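> Please find one structure pasted underneath; my questions will follow.
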Amino acid sequence: MEQCACVERELEKVLHRFVMYGHQSEERLDELLRSVCELRGQLVTFGTAEPAPRSSLEVVSTQVIKSFAGVQDADLSVLSQTMAQCCKNIKETVQLLASRHKDIHGSVSKVGKAIDRNFDAEVSAVVAETVWDSPERQKYLSETIVEHLYRQGMLSVAEDLCQESGVVIDMSMKQPFLELNRILEALRMQDLRPALEWAVTNRQRLLDLNSTLEFKLHRLYFISLLNGGITNQLEALQYARHFQPFASQHQRDIQILMGSLVYLRHGIENSPYRSLLETNQWADICNSFTRDACALLGLSVESPLSVSFASGCMALPVLMNIKQVIEQRQCSGVWTHKDELPIEIDLGKKCWYHSVFACPILRQQTSESNPPMKLICGHVISRDALNKLTNAGKLKCPYCPMEQNPSDAKQIFF
């Protein structure tokens, strides 16, 4: 990420130069326009030129020429000096702006150099060449991209990709994403009705998940009525009946909502209940809906493609460094690309999706072929460790002196 930050700093410098260049150009051009207008005014006093609009530099210049032609007995030396000074200012301004514009080109080129310096364009060295050769894997990749596009609401792009790649997506898979995006779009427009209808339809399934989404939606709708002022007081009281099914679990929250009605005449924003009007509640309700809707659909909250891409961005610099070290030391056979990494790469707790158990005896991560086994005493070791510790049909726990039969060990699942 340090490479991205370095390029971002160079971009910020370029943008700052562009902004400053724009302001300075406007100031200098305004000064020139004022000078030309003053010169025109002087010429008008000597000639018979008619006033011209001040907003057009071209029209002003035309009038200056006409006014100069009308001068007969004026002091031409003073006018010539003024004209020469005006021309000099114009030339100096053009040269100054050209010079500063040239400096911006130098800053833009530095951005390109920063990208070349911080990013390696050739990343195929850390990817197996045949990873996407099979039609089956290409199909999986296309389906993953299509699902991501559906999640993002980019339906037309997903349809185009399906046509071009030949991927057939069942309507039963597509429909939930269509409904989810429709409701999320309504929530972003602060329209709660589609989400409320969905929550009522799926009430029992949400209760099975211990979800509070329906109450949160009713609460936010009640707050939106409070935000309308005293004119919505009667409607808010009537809507409060929706809180009855949630009274046992959310009594305190309901009491706060009902107590806010006392201050409705003077404005909730001027009362102890002004926290009810915080705008971040709409973002929170969007996140809550997405999380619960994905749970009902059996989907992860985040797109698998987004997670994979983010993980790759974190792992790629480490893999590139390892590949470079292997090539420098000419260590052939260390990394064969066969579904393995040369070192362990920590992607952070955010990317932990499955429990991982490492055998404390063999210091190896358990797998399907070598699962964790729970002994009678409660200690857990891997199956390989259990087999190695078995002697004459007996097993002695490596952590406690309890002897037991290896067949009494049970496989456990995280």
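> Could you work out how far helix 135-151 tilts from the main Cα principal axis of the chain, as a 0 to 90 degree angle to the nearest 10?
60 degrees
> Return a whole-number percent for the relative contact order of the range 93-244, with Cα pairs under 8 Å and 6 or more residues apart as the contact set.
Normalised by residue count, the contact order of the range 93-244 is 11 percent.
> Could I ask something else about it? How far is helix 57-70 tilted, in degrees, relative to the longest principal axis of the Cα atoms in the chain, given as a value from 0 to 90 rounded to the nearest 10?
10 degrees
> Keeping all protein chains in place, calculate the accessible area per residue for the chain (probe 1.4 angstrom), answer in Å².
67 Å²
> Next up: Output the relative contact order of the range 263-414, whole-number percent, from Cα pairs under 8 angstrom with separation of 6+ residues.
Reported relative contact order: 12 percent.
> Of the listed values [x] 4, 11, 12, 14, 16, 15, 12, 8, 4, 2, 1, 1, 0; [y] 4, 17, 23, 25, 19, 9, 3, 0; [z] 5, 21, 31, 28, 12, 2, 0, identify the label whose number matches P(r) over Cα pairs in 10 Å bins from 0, in percent calculated from this model.
Entry [x].
> Percent relative contact order of the chain, based on C-alpha pairs within less than 8 angstrom and at least six residues apart?
10 percent
> Return the subset of 139/174; 110/323; 388/410; 374/394; 174/349; 174/216 for which the Cα-Cα distance in this structure is over 23 Å, preserving the input order. Walk me through the intermediate numbers first.
Working: 139/174 17 Å; 110/323 28 Å; 388/410 16 Å; 374/394 15 Å; 174/349 31 Å; 174/216 27 Å.
Pairs exceeding 23 Å: 110/323; 174/349; 174/216.
> Another question, if that's okay. To the nearest 10 Å², what's residue 373's accessible area with a 1.4 Å probe?
Surface open to solvent at residue 373 totals about 20 Å².
> With n ≥ 4 as the cut-off for DSSP H runs, can you work out [θ] at 222 nm for the chain, using -39500 (n - 2.57) per run divided by the number of residues, rounded to the nearest 500?
The per-residue figure over the chain is -20000 deg cm²/dmol.
> Is there a quick way to get the dipole size of the chain? I mean about its Cα centre, with the Cβ of Lys and Arg at +1 and of Asp and Glu at -1; what is the value in debye to the nearest 20?
It comes to approximately 1140 debye.
> Just to confirm the number: angle between the C-alpha axis of helix 213-226 and the first principal axis of the chain, 0 to 90 degrees, nearest 10?
30 degrees
> For the range 292-304, what does the Karplus curve 6.51 cos²θ - 1.76 cosθ + 1.60, with θ = phi - 60°, yield as ³J(HN,Hα) per residue in whole Hz, taken in order and with x for Gly and Pro?
6, 5, 5, 5, 5, 7, x, 10, 6, 5, 9, 5, x
> Rank these residues by their accessible area, most exposed first, probe 1.4 Å: 196, 209.
Result, largest first: 209, 196.
The values are calculated or read from the model by the stated rules, or taken from the named source; none is laboratory data. What you are looking at is a predicted structure, and each value in this text was computed from that prediction instead of being measured. Ideal geometry is used to build each Cβ from the backbone, glycine not excepted, and the neighbour counts take in all protein chains shown. Calculation scope for accessible area: heavy atoms of the full protein, side chains included, ligands and nucleic acids excluded. Shrake-Rupley method; radii C 1.70, N 1.55, O 1.52, S 1.80 Å.
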